[in-house]
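Undergrad: Structure incoming, see below.
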Amino acid sequence: MERPLTDNLRADGQPLSLREYMGCGGYKALGDALRGLAPADVTKAVKDSRLRGRGGAGFPTGLKWSFIETGPGAPEPRYVVCNADEMEPGTFKDKVLLLGNPHLLIEGILLAGYAVQAQAGYIFLRGEYAEAGRRVQVAIEEAYENRYVGRNILRSDFSFDLHLHMSAGRYMCGEETGLLNALEGRRANPRGKPPYPASVGLWGKPTVVNNVETLCCVPHILRNGADAFLKLSKTSDGGTKLYGVSGKVKHPGIWELPMGTSLREIIEEHAGGMQEGLGLRAVIPGGASTEFVLEKDLDIPMDFDSLKQVKSRMGTGTVIVLDDQTCPVSMVWNLEQFFAQESCGWCTPCWAGLAWVAETLFAIEHGGGKPEDLDILDMHVNLLGPPGHTFCALAPGAIEPLESALRHFRDEFVRHIEQKHCPYMARQSAAGVE
């Protein structure tokens with residue numbers, strides 16, 4: 001199976017029923033694990049597969065699981081939480097799996113639960129994903145009815161309850177400790193670390209938090225082996241990856257491809273290249289909180305390590321394309337507006353700094369910019385960019401597109417300030433574009 005995440009999706013967009021999922025080998029990995037593997041064996045298989053978290057950070061999944069203390073005397077209960085709060089601008093990969101194959105996610109959660117000997121799990125789903133929520137809830141009910149979830153699963157000693165939690169929203173809920181606070185009914189503010197969720201997580205108990213796509217990879221690993229998962233990749237990281245493209249390309253969408261597929265192949269072969277009359281100037285490779293990559297660097301593999309060579313990150317693997325007729329200053333202003341609005345207000349550098357950045361970019365874009373505004377933006381890059389200045393990574397991530405825009409397109413900022421208007425707006429007006 002070359003595309004374990006999407007090969008079995010129905011062409012009509014409807015979700016696989018339990019019977020259909022089982023017909024594709026669904027829940028076989030869970031049954032084999034419960035009958036013949038110790039929990040530590042499941043964790044080892046995931047470690048050996050070199051599966052890295054698909055939510056953006058790329059942390060090794062098996063290593064994360066190994067931080068959970070198990071065995072006699074270990075703290076109980078333990079939890080598995082699925083982060084399905086997909087609010088990163090430009091990111092829409094998890095929705096494909098939630099809508100099309102919710103049983104794949106449930107089996108992945110169960111295998112994670114068995115590995116860390118958890119008693120319960122939660123799917124923390126973005127509130128706007130209402131249809132995905134309905135489909136996931138139906139799948140959970142099917143799993144309970146057929147004893148894949150609940151007491152003594154498949155007549156084993158393993159019991160596990162699974163719950164769907166529809167989030168009230170906010171981008172901050174995607175940060176794992178902010179998510180845990182929200183799940184407990186509190187404000188989605190990040191927690192100070194340490195302690196980490198592996199020791200003090202949901203309701204103060206050991207908790208593992210993984211992304212939807214990450215958990216959906218686990219059944220394939222257990223069913224076919226770590227080596228088979230590694231062979232799917234073009235790099236040292238295992239597996240395939242859901243890559244997405246948005247922007248003015250011919251065919252925006254999502255594709256499951258080998259980890260390490262180049263940006264150029266993703267954009268030109270799968271997304272069809274740019275729309276007629278437009279050129280590609282740069283891309284943000286991994287959702288809104290990653291740095292711009294220029295057209296000359298598109299042959300770089302899309303994986304967690306390679307993109308560091310061009311001072312960017314893979315993030316969620318969902319590409320936002322900047323064409324040569326779109327203003328980079330306006331694009332960055334749009335992104336920084338979002339991040340400023342979504343700051344939880346816990347850290348002064350974040351809530352005050354990002355608001356100041358957004359106001360400064362508004363002034364530059366709309367003709368009120370001053371030369372010293374570039375110094376203000378540079379100051380915020382230096383204050384908000386380095387890790388450790390804020391409780392979580394929202395501010396450093398938010399500042400990445402700005403830092404790279406100032407590095408790659410500084411002349412555009414200068415033109416806006418000197419000409420007292422956006423050159424792209426003037427060009428569109430001259431061409432009769434609304």
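Undergrad: Using only helices, what value at 222 nm comes out for the chain when you add -39,500 (n - 2.57) per DSSP H run of length 4 or more and divide by the total residues, to the nearest 500 deg cm²/dmol?
TA: Details: 16 runs with 176 residues, N = 434.
One gets -12500 deg cm²/dmol as the mean residue ellipticity at 222 nm.
Undergrad: Expressed in nm to one decimal, what extension gain is obtained for the pair Asn382 and Lys231 from 0.36 nm per residue of sequence separation less their Cα-Cα distance? Please report the intermediate quantities before stating the final value.
TA: Details: separation 151, 0.36 × 151 = 54.36 nm, distance 4.07 nm.
Stretched out fully, the Asn382 to Lys231 stretch lengthens by 50.3 nm.
Undergrad: Now a separate question. Within the chain, what percent of beta bridges assigned by DSSP are antiparallel, to the nearest 5? Mind showing how you got there, number by number?
TA: Numbers: 16 of 37 bridges.
Percentage antiparallel, nearest 5: 45.
Undergrad: Farthest toward the dipole's positive end in the chain, which of Leu384, Leu215, Val283, given Cβ charges of +1 (Lys, Arg) and -1 (Asp, Glu) about the Cα centre?
TA: Projecting each Cα onto the dipole axis, the largest value belongs to Leu215.
Undergrad: Using a 7 Å offset from the Cα along the Cα-to-Cβ direction at both Gln119 and Gln341, what is the distance between the two label points in nm, to one decimal?
TA: Label-label distance for Gln119 and Gln341, simple model: 4.1 nm.
Undergrad: Continuing with the same structure: Nearest 20 debye, what's the magnitude of the dipole of the chain about its Cα centre given +1 on Lys and Arg Cβ and -1 on Asp and Glu Cβ? Write out the running numbers ahead of the final one.
TA: Working: 44 positive and 54 negative charges, 223 e Å.
Here the size comes out at about 1080 debye.
Undergrad: When only C-alpha pairs under 8 Å and at least 6 residues apart count, what is the relative contact order of the chain, in percent?
TA: Values: 853 pairs, mean separation 65.6, N = 434.
That works out to 15 percent.
Undergrad: About its Cα centre, how strong a charge dipole does the range 240-323 have in debye, to the nearest 20, once Lys and Arg get +1 and Asp and Glu get -1 at the Cβ? Please report the intermediate quantities before stating the final value.
TA: Values: 9 positive and 12 negative charges, 47 e Å.
Here the range 240-323 has a charge dipole of around 220 debye.
Undergrad: With unit charges on the beta carbons (Lys and Arg positive, Asp and Glu negative) and the dipole taken about the Cα centre of the range 123-267, which residue among Leu154, Thr177, Ser246 sits farthest to the positive side?
TA: Ranked along the dipole, the leading option is Ser246.
Undergrad: Please give me the summed charge of the neighbours of Cys216: other residues whose Cβ is under 10 Å from its Cβ, Lys and Arg +1, Asp and Glu -1.
TA: Values: positive: Arg54; negative: Asp94, Glu107, Glu213.
Local net charge: -2.
Undergrad: A further question on this structure: Once you have all Cα-Cα distances for the range 328-430, histogram them in 5 Å bins from zero and send the whole-percent values.
TA: The percentages, shortest bin first, are 2, 14, 25, 25, 16, 10, 5, 2, 1, 0.
Undergrad: Further question: Mind ranking 203-216, 4-17, 359-372, 305-318 by how tightly packed they are, going by the mean number of other C-beta atoms within 10 angstrom, highest first?
TA: Details: 203-216: 23.6, 4-17: 15.3, 359-372: 17.1, 305-318: 20.8.
Final packing ranking: 203-216, 305-318, 359-372, 4-17.
Undergrad: Further question on the same structure: How far is it, in nm, from the label point at Ala74 to the one at Lys250 when both lie 7 Å from their Cα along the line to the Cβ?
TA: 5.2 nm
Undergrad: Dividing the convex hull volume of the Cα atoms of the range 187-318 by its residue count, what figure in Å³ per residue is obtained?
TA: Working: hull volume 19.5 nm³, N = 132.
Here the figure is 148 Å³ per residue.
Undergrad: Also, I was wondering about something else. Per residue Cα convex hull volume for the range 18-231, in cubic angstrom? Mind dumping the intermediate values first?
TA: On the way: hull volume 24.5 nm³, N = 214.
Measuring per residue, one finds 115 Å³ for the Cα hull of the range 18-231.
Undergrad: Given Phe67, Gly23, Pro4, which one lies farthest toward the positive end of the charge dipole of the range 1-72, if we put +1 on the Cβ of every Lys and Arg and -1 on the Cβ of every Asp and Glu?
TA: Phe67
Undergrad: Could I ask something else about it? Work out the FRET efficiency for Glu131 and Glu295 from their Cβ-Cβ distance, taking R0 = 25 Å, and round it to the nearest 0.05. Walk me through the numbers before you get to the answer.
TA: Numbers: r = 37 Å, r/R0 = 1.46.
The pair Glu131/Glu295 has a calculated efficiency of 0.10.
Undergrad: OK, next. Take the Cβ-Cβ distance between Met22 and His389 as r, set R0 to 51 Å, and report the resulting FRET efficiency rounded to the nearest 0.05. Each step should come with its number before you reach the end.
TA: Details: r = 50 Å, r/R0 = 0.97.
Taking R0 as 51 Å, the efficiency between Met22 and His389 is 0.55.
Undergrad: Continuing with the same structure: Under 1.5 on a/c is rounded, so check that first for the range 143-201, then, if it is not, pick prolate when a/b is larger than b/c and oblate when it is not; a ≥ b ≥ c are the square roots of the alpha carbon gyration tensor eigenvalues. Before the final figure, lay out each step's value.
TA: Values: a/c = 4.28, a/b = 1.92, b/c = 2.22.
Because a/c hits 1.5 or more and a/b fails to exceed b/c, the range 143-201 counts as oblate.
Undergrad: Something else: For the chain, how big is Rg over Rh, using alpha carbon atoms and the Kirkwood form of Rh?
TA: Details: Rg = 22.4 Å, Rh = 22.6 Å.
Here the Rg-to-Rh quotient is 0.99.
Undergrad: Would you mind computing, in nm to one decimal, how far apart the modelled labels at Lys370 and Asp32 are, each placed 7 Å from Cα along Cα→Cβ?
TA: 6.7 nm
Undergrad: Can I ask one more? Give me the net charge of Thr70's neighbourhood, meaning all other residues with Cβ under 12 Å from the Cβ of Thr70; Lys, Arg count +1, Asp, Glu -1.
TA: Numbers: positive: Arg78; negative: Glu69, Glu76.
For residues surrounding Thr70, the net value is -1.
Undergrad: For the range 240-323, calculate the relative contact order in percent as a whole number, restricting contacts to Cα pairs under 8 Å that are 6 or more residues apart.
TA: On the way: 185 pairs, mean separation 30.5, N = 84.
Across the range 240-323, relative contact order equals 36 percent.
Undergrad: Can you tell me the convex hull volume per residue for the range 240-323, based on C-alpha atoms, in Å³ to the nearest whole number? Walk me through the numbers before you get to the answer.
TA: Values: hull volume 5.8 nm³, N = 84.
Per residue, the Cα convex hull of the range 240-323 comes to 69 Å³.
Undergrad: How would you order 243-256, 105-118, 60-73 from highest to lowest mean count of nearby Cβ atoms within 10 Å? Don't jump to the answer; show the numbers that get you there.
TA: Values: 243-256: 19.1, 105-118: 26.1, 60-73: 16.8.
Output ranking for 243-256, 105-118, 60-73: 105-118, 243-256, 60-73.
A short reminder: the numbers here are calculations on the coordinates, not readings from a lab. From a predicted model like this one, the values you see are computed outputs, not experimental measurements. Cβ sites come from the backbone with ideal geometry, for glycine too, and all protein chains shown count toward neighbours.
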